[in-house]
Each structure stands twice: as structure tokens, then as C-alpha cells.
Amino acid sequence: MSRLVSVTLVTTLASFALGGLAGCATVAPPRELVEARTTYARVAKGPAAELKPDVLLTAKQQLDRAESAFKSEGDAPATKDAAYIATRRALFAEADANTVAATKAKTDADAAAIAKQGADLNRTKGALAKTQQELDKERTAREDAEKRAAIAMADLQKIAAVKKDDRGMVITLAGGVLFKTDKSELLPAAMVSLNQVADALTRTSPESKIVVGGYTDSQGTDGHNQELSEKRAASVATYLISRGVAKDRVTSKGFGPQNPIADNKSVEGRAQNRRVEIVVDNPK
Amino acid sequence: MKTTAILLPLALLSSAACASFPAPSERLAQAESGARAANELGAANEPTAALYLKMANDQLAEAKRLMAAGENERADAVLQRAQADAELAVQLAKEAKAKAAAKAVGAQISLLQMQNVTNGAAQ
């Protein structure tokens with residue numbers, strides 16, 4: 001029994017002595033301590049050093065405790081326990097730092113998303129403003145055109161009879177103003193009036209069709225009157241086209257003595273019947 | 001008798017106050033609380049967190065066994081391990097959540113970028 005005591009004493013004293021002199025060189029570090037050292041070394045190189053230095057320090061202090069325990073007690077349970085905890089502390093510091101980094105990334109991403117939505121909104125607003133500007137420009141242009149058309153019509157009414165009937169707008173010009181008796185060539189003076197008519201016509205809707213109709217009184221043969229009215233209508237149509245009215249809008253037609261507007265028995269009546277009617281239909 | 005008289009003081013020397021070490025009930029409560037917190041944070045759903053939660057629970061079971069056997073000092077050491085495991089499991093669960101949230105926002109940004117390309121093309 002006393003030998004047991006003395007052996008225990010000697011072994012204990014020897015391990016203390018060896019531990020103190022040789023710094024654990026004779027005892028291999030337990031795997032818990034090796035793991036703690038490796039883990040700490042890795043974590044210390046990572047984001048924890050910058051983001052969570054205080055937590056990393058706590059982990060280092062725990063590792064130091066484990067190293068102290070190893071120095072004084074070798075691979076005793078106390079060393080293993082301390083090392084076990086040291087590994088967890090180091091991993092904790094790492095996870096803590098990663099959490100901070102992820103939270104920051106989310107905050108940054110949220111801010112970027114908001115900024116992006118703001119930029120998208122501004123871009124949409126800009127596009128909307130541009131469209132509105134264009135619409136306003138179009139409307140102003142349209143109003144100007146309408147004004148000028150109205151002015152042209154008002155001026156036209158000074159030199160021609162303008163009315164509306166079921167055919168559309170009808171501009172009536174007296175034959176005596178446009179042509180010499182029994183002729184179909186336009187008088188020079190006629191061109192002045194027709195210039196104004198052409199100007200007014202160009203301001204009407206480009207979709208509307210224009211029919212130039214020639215009419216005579218009832219004197220003379222139908223055949224002669226038909227031919228004369230056709231030629232006169234064609235002369236006026238040709239001239240209007242030369243003054244800028246779109247060619248594909250214009251057709252000419254002779255009606256001879258048909259559709260009189262006045263009584264052919266009187267001089268005045270016959271003069272009125274000798275006419276050219278320019279009909280602008282309503283656009284479909 | 002003589003043996004006991006010599007061995008008992010030695011036993012006392014090698015592990016100071018071993019016989020009168022109090023039952024670590026407070027540390028047990030703390031460690032259990034930590035394991036519960038980790039569980040509530042969803043540690044069980046995240047592989048690494050679940051690993052350390054399991055270790056915490058294993059240590060807790062070992063500690064209780066030791067306490068029942070009267071080995072309070074050893075139980076206390078085991079509970080310290082359990083605490084470290086539980087705290088780590090909690091932090092790992094938090095990390096997983098934060099990463100998932102960051103990823104979700106990242107996905108949203110990619111979606112916004114794709115929509116922008118479509119709108120740009122339409123103009």
C-alpha cells in the first residue's frame with residue numbers, strides 16, 4: 001500500500017517537473033487542442049479580425065487557457081475541455097462575423113434596390129414628360145392648322161360662294177369670271193381667284209376627295225354643252241393641281257345643262273347656271 | 001484504514017474539494033436554455049448548427065448522468081462544453097438566417113435588372 005502511495009507521488013511529481021522544464025515536449029497535444037489551434041488560426045485570418053475583433057479576442061483568450069492547461073497538466077481532461085470550448089469560441093467568432101457581413105450585404109442590397117426603383121421611377125417620369133411634351137406640340141400644331149384653314153375659308157367666301165350640302169362643302173365659281181364665252185381656257189384674272197381656292201383646298205383634310213364639276217345653261221345643244229362643261233371642269237382641275245392640291249384627290253366631271261340652280265328663262269338665271277362647282281366631300 | 005487515511009488526503013490534493021463540489025444546477029439551467037434557444041432559431045434545419053445542437057444535447061445528457069452519479073465537478077466541466085456548443089448553434093442559426101435574407105434580396109435585384117432590360121427594349 002505504501003508503495004502505491006510512493007509510486008503515485010513520484011509519477012505526479014515527475015509529470016509536473018517534466019511539464020515545467022520541457023514545456024510539454026514529451027506529451028503530444030490532445031487532438032482537441034490541435035483542432036482548437038487550427039480553427040483559431042483559420043478564423044483569425046477571416047472577416048472576424050475586422051468585423052468582430054472583441055469576440056475573436058475572447059476566443060484567443062480561451063485558446064490561451066487551453067495552452068496553459070496543456071503546459072501545466074499535459075493532456076488532462078481540463079486541457080481537453082478548455083480546448084473543446086476554445087474551438088467553439090473560435091467558430092462562434094467566425095459565425096458572428098459572417099452574420100454581420102450578411103446583414104450588411106442585405107442592407108446594401110436593399111438600399112441599391114430602393115435607389116434602382118427611384119431611378120426607374122425618374123426614367124418613367126422623364127418618358128412621360130417627353131410624351132406629354134410631344135402631345136402638346138401636336139395639339140398646338142393641329143390648332144394652328146385649324147386656325148389657318150378657318151382664315152383661308154373666310155377669305156375664300158369673299159370671292160366665291162361657299163356652302164355645305166349633302167355632298168360636302170361646295171365652292172361655286174361663276175363661269176363668266178373663269179372663262180371667255182364658249183371657251184374652256186382659264187382667263188388670267190381667274191387664276192387669282194383659283195389660287196385662293198387652291199390654298200383653301202390644301203388646308204382641307206387630305207383624305208377628302210375633290211370633284212370639279214362643270215355646268216352650262218340650257219342654250220345650245222346638249223352635246224356641245226356636255227363637251228364644254230367637261231373641258232372647263234378639266235381646266236380648273238388641272239390648274240388646282242398645279243397650285244399644290246394633291247393629284248389623287250381631284251377628279252373633274254361635266255354635267256352640261258343638268259342640275260340648274262336658277263331659272264334658264266332669264267338672263268340672270270342663265271348666268272348663274274353657267275358655273276363650276278368644286279365639291280369637297282366629308283372624309284370617311 | 002491506514003490506506004484510506006493516506007489515499008484520502010492525496011485524493012483531496014489531486015482534485016481539490018471534489019467531494020463537496022456543488023451540483024451545477026444553474027449551469028445546467030443555462031445550458032438547457034441555450035439549447036432551447038438554438039432550437040427555436042431553427043438550428044435543427046441548418047446542417048452545421050444542427051450538428052452543434054446535437055453535441056449540446058449529448059453533453060447535457062452526459063452531464064445529467066454524471067450529476068445523478070454524484071460526479072458534480074465532472075458534470076460542471078461537461079456543462080461548460082454544452083454551453084459552448086449551444087451558443088455556437090445559436091450563432092450558426094443566426095448566420096444561416098442572415099445569409100438567406102441577403103440571398104433573397106440579391107434575387108430581387110437580379111429580377112429588377114431583368115425587367116429593366118425588357119422595358120428598355122420596348123422603348
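Just so it is clear, none of the values below were taken in a lab; they were calculated from the coordinates. Bear in mind the structure is a predicted one, so any value in this text is a computation, not a measurement. Heads up, the Cβs are rebuilt from the backbone with ideal geometry, glycines too, and the neighbour counts pull from every protein chain shown.
Excluding residues on the same chain fewer than 8 positions from A:Lys247, give the aspartates and glutamates whose Cα lies under 13 Å from its Cα.
Of all the aspartates and glutamates, those that pass the test against A:Lys247 - Cα under 13 Å, at least 8 places apart if same chain - are A:Glu207.
Give me log10 I(q)/I(0) at q = 0.15, 0.24 Å⁻¹ for the stretch A:122-174, Debye formula, one equal scatterer per alpha-carbon, no solvent.
-0.60, -0.91
Run through all the Cα pairs of the stretch A:213-284 and give the fraction in each 10 Å bin from 0, expressed as whole percent.
21, 45, 26, 8
Compute the projected area of the convex hull of the Cα atoms of the stretch A:161-281, averaged over all viewing directions, and report it in nm² to one decimal place. Could you put the intermediate results ahead of the total?
Working: hull surface 27.4 nm².
Spelled out: convex hull of the Cα atoms, projected over all directions, averaged, 6.9 nm².
Under 18 Å between alpha carbons, and skipping anything fewer than 8 positions from A:Lys80 in its own chain: which lysines qualify?
A:Lys60, A:Lys71
Over all alpha-carbon pairs of chain A, lay out the pair-distance distribution in 5 Å bins, whole %, shortest bin first.
Distribution as computed: 1, 5, 8, 9, 8, 6, 4, 3, 3, 2, 2, 2, 2, 2, 2, 2, 2, 3, 3, 3, 3, 4, 4, 4, 3, 3, 2, 2, 1, 1, 1, 0, 0, 0 percent.
For A:Val211, A:Val236, which order do you get if you count the other beta carbons within 10 Å of each Cβ and list the fewest first?
Numbers: A:Val211 19, A:Val236 25.
Lowest count first: A:Val211, A:Val236.
Please give me, ordered by residue number, the trypsin sites (Lys or Arg not before Pro) of the stretch A:116-177 that lie in loop per DSSP and have at most 16 other Cβ atoms within 10 Å. Before the final figure, lay out the partial values.
Values: sites: A:Lys116, A:Arg123, A:Lys125, A:Lys130, A:Lys137, A:Arg139, A:Arg142, A:Lys147, A:Arg148, A:Lys158, A:Lys163, A:Lys164, A:Arg167; in loops: A:Arg167.
Hits after loop and neighbour filter: A:Arg167.
In a solvent-free Debye calculation with one equal scatterer on each Cα, what is log10 I(q)/I(0) for the stretch A:80-181 at q = 0.19, 0.20, 0.22 Å⁻¹, listed in the order of the q values?
-1.03, -1.06, -1.12
Compute for the stretch B:21-70: radius of gyration divided by Kirkwood radius, i.e. Rg/Rh, restricted to C-alpha atoms, rounded to two decimals.
On the Cα set of the stretch B:21-70, Rg over Rh gives 1.05.
Across every pair of different alpha-carbon atoms, what Kirkwood hydrodynamic radius in Å does the stretch B:50-109 reach? Each step should come with its number before you reach the end.
Numbers: mean 1/r = 0.0772 Å⁻¹.
One over the average 1/r among Cα pairs gives 13.0 Å for the stretch B:50-109.
Identify the GluC sites (Glu not before Pro) of the stretch A:191-253 meeting these criteria: DSSP loop state and at most 13 other C-beta atoms within 10 Å of the C-beta.
Hits after loop and neighbour filter: A:Glu207.
Roughly how far apart, in whole Å, are the Cα centres of the stretch A:64-121 and the stretch B:29-94?
Result: 18 Å between the Cα centres.
For the pairs A:Lys164/A:Lys253; A:Lys137/A:Lys158; A:Lys104/A:Lys125, note any where the Cα-Cα span goes beyond 23 Å.
On the way: A:Lys164/A:Lys253 19 Å; A:Lys137/A:Lys158 32 Å; A:Lys104/A:Lys125 31 Å.
Violating the 23 Å Cα-Cα cut-off are A:Lys137/A:Lys158; A:Lys104/A:Lys125.
Would you mind ranking A:Leu135, A:Leu186, B:Leu60 so that the residue whose beta carbon has the fewest other beta carbons within 10 Å leads the list?
A:Leu135, A:Leu186, B:Leu60
What area, in nm² and to one decimal, does the C-alpha convex hull of the stretch A:31-80 cast on average over all directions?
So the Cα hull casts an average projection of 3.1 nm².
Testing the spin-label approximation: label points 7 Å from Cα along Cα→Cβ at A:Asp155 and A:Thr140. State their distance in nm.
According to this spin-label approximation, the distance is 2.4 nm.
Which ordering of A:Met169, A:Met153 is given by a fewest-first count of other beta-carbon atoms within 10 Å?
Ordered by Cβ neighbours within 10 Å, fewest first: A:Met153, A:Met169.
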